[in-house]
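Here is the structure we will look at.
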Amino acid sequence: MTSSLFLSSGHLLADRRYDFGRDLQARGDLVAAAELMEQAIELAPEFASAWFALGEVRQQLDQPDAAIAAFRRACETDVEDRHGAGLRLIRLGAEPVAEMSPSYVRALFDQYAPRFDMALRGDLRYRGPEILFKAVLAACHAASRPALFTRAIDLGCGTGLAGMAFAAIVDVLDGCDLSPAMVERARARDIYRTLDVGDMIEALQREDDSGADLILAADAVVYLGDLAALFAEAARVLAPKGLFAFTVEAWDGDGYGLGAGLRYAHSASYLRAALEEAGLAVRDLAAVSTRIDAGQPVPGLVVVAERS
Ligand SMILES: C[S@@+](CC[C@H](N)C(=O)[O-])C[C@H]1O[C@@H](n2cnc3c(N)ncnc32)[C@H](O)[C@@H]1O
């Protein structure tokens, strides 16, 4: 799931050179692809998509310094960084770990929305919603409480796959997502009372105190690095004994980092400390894998935390 976003340079010949360069890159002729991208950039020096593609090709050619220079130009020529060049710079060790550009996430999922369900359920064998659902049922069972909720908020609801899994046990379901195209698909499922297009932390900030008894985030927290603000808002919005259930990718080291799949991964110790700091008690934290990548299960964690 990487970006193939194309932003026209407004220069017909430069755009054509770019297209041909991408074609050569796909066929493995990387030296020729780099030349085509350089020609495109000569014609249109502010051509962000060509700078980004040149960075990718140089990376494939094992020219990290040249790739870094191209990714830096991609950031400068598109200040919103819709291609996610900033993430490539982090992975190349040229920049410290920082939050993702929301414009990148929005562009990525707007592009991906039409084939999201098929790609995730098929190729990636995505099981985030089922894993989250089972974890919530188990946490309720362990606490001898009914697995029924008055109001749930689905953060990063996407096309509504997690909403579908929980629809039978929540009276009212609201959702939010950065990507308008994903939200359009969620709306078509007719299971959400409201759907908000925007950032999940900002959506929570607009909520009243104690206004929900369940907050979900299936495979969505992976697009946030520092989780302190998210956890603090979730704790405020949850009613006492309300549950926050989410999945993350697992980080082996301390804290969190940006994985090879350009998604953040978080360590169990980071999650425990940040949840405790926010006033959320961990009821379950277990190793799971919500999807496969390149034929291998991606290591992850499922977490159910309770507002004390
Ligand atoms: C991999 S999809 C998962 C969608 C859905 N939860 C599911 O289980 O199918 C991740 C979703 O999170 C959304 N997202 C990422 N960062 C977000 C943020 N900061 N605020 C709101 N939505 C976000 C993306 O737009 C995308 O639709």
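No lab work stands behind these numbers, since they all come straight from the coordinates. What you are looking at is a predicted structure, and each value in this text was computed from that prediction instead of being measured. Neighbour counts run over all protein chains shown; Cβ positions are idealised from the backbone, glycine included.
On a per residue basis, the convex hull of the C-alpha atoms belonging to segment 218-308 measures out at 79 Å³. Sorted largest first, the spans of the alpha carbon positions of the chain along the three principal axes are 66, 40, 35 Å.
Taking 0.36 nm per residue of separation and subtracting the Cα-Cα distance, full extension of the segment from Ala260 to Leu61 would add 69.9 nm. Applying Stokes-Einstein at 37 °C and 0.692 mPa s to the Kirkwood radius of segment 79-119, computed over alpha-carbon pairs, gives a translational diffusion coefficient of 295 µm² s⁻¹. Size check on segment 73-152: the Cα extents along the three principal axes, sorted descending, read 56, 30, 24 Å. Expressed in Å, the radius of gyration and Dmax of the Cα atoms of segment 46-90 are 9.0, 27. Looking at the chain alone, DSSP beta bridges between its own residues are antiparallel in about 50 percent of cases. Annotation: Cα Rg of segment 1-68 relative to the compact-globule expectation 2.2 N^0.38 Å equals 0.99.
Compared with the direct C-alpha span, the chain from Asp29 to Leu124 gains 31.4 nm at full extension, assuming 0.36 nm per residue.
Convex hull volume of the Cα atoms of segment 153-308, normalised per residue: 109 Å³.
The calculated FRET efficiency for Glu76 paired with Arg115, based on their beta-carbon distance and R0 = 35 Å, is about 0.65. Multiplying the residue separation of Arg16 and Ser210 by 0.36 nm and removing their Cα-Cα distance gives an extension gain of 64.4 nm.
Diffusion of segment 171-253 by Stokes-Einstein, at 20 °C in a medium of 1.002 mPa s and with Rh set to the Kirkwood radius over alpha-carbon pairs, works out to 157 µm²/s.
Radius of gyration (Cα atoms) of segment 1-140, expressed as a multiple of 2.2 N^0.38 Å: 1.23. Taking a spot 7 Å from the Cα of Leu285 along the direction of its beta carbon, which residues of segment 124-168 have an amide N less than 12 Å from it? From segment 124-168, the list is empty. What shape does segment 116-229 take by its C-alpha gyration tensor, where a ≥ b ≥ c are the square roots of the eigenvalues and a/c under 1.5 counts as rounded, a/b above b/c as prolate, and the rest as oblate? It is rounded, given that a/c, with a ≥ b ≥ c, falls under 1.5. The fewest-to-most ranking of Cys176, Cys157 by surrounding Cβ atoms within 10 Å reads Cys176, Cys157. Label sites at Ala138 and Asp252, each approximated as a point 7 angstrom past Cα along Cα to Cβ, lie 2.4 nm apart. Against the empirical 2.2 N^0.38 Å (N residues), segment 127-172 has a Cα radius of gyration ratio of 1.12. Protection proxy ranking of 180-189, 88-97, by the mean of other Cβ atoms within 10 Å over each peptide's residues and highest first, is 180-189, 88-97. With the cut-off at under 18 Å, measuring from each backbone N in segment 294-308 to a point 7 Å along the Cα-to-Cβ line of Ser269 picks out 301.
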